[in-house]
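A short write-up of the structure that comes next.
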Amino acid sequence: MKKFALFIVLIFIGMYLKAQEDSCSLMANWKTEKEIIAFIENSFSEMSETLVPNKSSWMISAHYYPVNEKFGYLIVKSSKKVSIHQDVPATIWSLLKNANSKGGFYNFYIKNNYKLKDTPENSEIL
């Protein structure tokens with residue numbers, strides 16, 4: 001029974017790693033941030049959620065695009081740049097939505113902990 005359970009766990013780990021690899025290789029095909037954002041919006045918009053903080057000193061909006069039940073893309077827009085994060089857990093998104101300080105939570109828990117791509121201020125998105 002333990003061997004069977006281990007086998008199942010290894011299958012799920014393999015599936016997760018393959019999905020992450022596929023996602024990274026797809027994103028490597030694009031040359032601009034606009035193309036990456038368009039891919040995310042077009043591929044995962046069905047279940048997307050938007051956060052517009054009332055009291056953030058810098059965050060204009062945050063958009064979460066779930067890839068599956070556990071992970072997704074997060075696009076955060078400020079007045080100076082757009083940050084694209086990959087493999088953001090759904091639990092982190094939920095905590096961000098409920099945080100007293102959205103900008104503080106983002107800076108401490110998300111900014112340097114997930115793959116990201118910064119785009120120039122003049123990117124036309126969202």
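The values are calculated or read from the model by the stated rules, or taken from the named source; none is laboratory data. Quantities reported herein were computed from a predicted structural model and do not represent experimental measurements. Because the Cβ atoms are built from the backbone with ideal geometry, glycine has one as well, and the counts that use them run over all protein chains shown.
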Among (1) modelled with pLDDT of 90 or more; (2) polar (S, T, N, Q); (3) surrounded by fewer than 12 Cβ atoms within 10 Å (Cβ to Cβ), ASN107 falls short only on (3)
Quick check on my filter: what residues within region 78-102 are of a type in the set (S, T, N, Q) and farther than 25 Å from GLU35 by Cβ? THR91, SER94, ASN98, ASN100, SER101
